[in-house]
Amino acid sequence: MGLYTSLTHSPLLMYNSNYELVPVLAEDWEVSEDGTSTTFNLREATFHNGDPVTPEDIKWTYEFLAEQYHAGNYQWTNLPENLTVEIIDNSTVSFNTEDPAPTLLTASLSIYGVLPQAPYVDAGIEDNPTDFEDPMIGAGPYQITAYNNQENMRLEPHDGHPTYQTDTPILLQLYDSTDGVVRAFENEELNVAVALHPEAGQQLQEQMGDSVQVITGVAHLPFGVMPQMSYAPGMFPEFRQALSHMIDRQTLNATYAFGESEVVTHATFNSQEHPWYNEEVLTEIAGERSDTDQARQILEDAGWGWDNSGSLYYPQDASMEAWPEGEEPSSDDFSCLG
């Protein structure tokens, strides 16, 4: 998705390296006071086939993506169901919703690039949105000039982009393993390798010294342990709480990420770098270090026990059914639903 967002298909606006929304194909934008309308003033831009990016292309792109999302085809678009795009004039469009849509800019329009309507309609996207011959035409700073499925893709600079100017081609190559990537890099067959695990980055630094620069980025999704909660033992909250206290997050960080990541000790799918991360409204579930005594105490307080060999036993009154057969749960049975 990052390829289509930032390289070959540009959106109206996107996040920069400081996680700030900046205009791309748009010159600027204005949100109405009631949050139901966002007006964009457009830059002059061209698609890779030489056609200009028009308000009609923008209207078709986002209304089509919204329609497909709610039809169950494109689950990654997440656009409002009642979204309409109004063409004001040749350089202005307005995105309108019946109700305020606070994530329209932050989580939708900032991710999905504008498509040229005619080439994609001719390719059959409206008739078969999940199985058509992608014309691979966008308005991003790079255009696809060669594509070998599951092997490689060559990108050349596109001089019709209004925001970003590029002058170096890119060859994207798939490898079967990280070891293959490392070998290719050491043999100078690659000049950029992305999404390497920390151990591979350290190996390249040790082998190639100052000729290698490792750039560490931040992620919005931390690693986590998610026990299956539909059956025992993960169905018991006290077991999950005890398991959380058993994890030595600090050692895991030092071992896997060489101490370069931040430890998350709150109940959340987001890392500290996520714009919505707020410890004031999150529940702290454990510390950075393993606490075996606390884990044992949680289980004992809930009626769990151990035999002489150290095997853990369920409480005597524990119900092992995920939900009693024939009964239907309600929100009153789940305190987390408020």
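The values are calculated or read from the model by the stated rules, or taken from the named source; none is laboratory data. Just so we're clear, the structure is a prediction, and the values are computed from it rather than from any experiment. Don't worry about glycine lacking a Cβ; one is built from the backbone with ideal geometry, like all the others, and counts go over all protein chains shown.
Identification of strands (runs of 3 or more DSSP E) wholly contained in segment 120-181 with 1 or more residues that are hydrophobic (A, V, I, L, M, F, W, C) and closer than 16 Å to Val192 by Cα yields 152-157, 170-173. Scanning segment 206-217 for residues that are under 28 Å from the mean Cα position of the chain (by Cα) and either farther than 25 Å from Tyr277 by Cα or surrounded by 13 or more Cβ atoms within 10 Å (Cβ to Cβ) (or both) yields Val212, Gln213, Val214.
Only one of the numbered conditions (1) farther than 25 Å from Pro116 by Cα; (2) in contact with a helix residue (DSSP H, G or I) (Cβ under 8 Å, 6 or more places away or on another chain) is violated by Ile215, and that is (2). Of all residues being assigned to a loop (DSSP other than H, G, I, E, B) and at pLDDT 95 or above in segment 74-97, which is surrounded by the fewest Cβ atoms within 10 Å (Cβ to Cβ)? Just the residue, please. This residue is Asn90.
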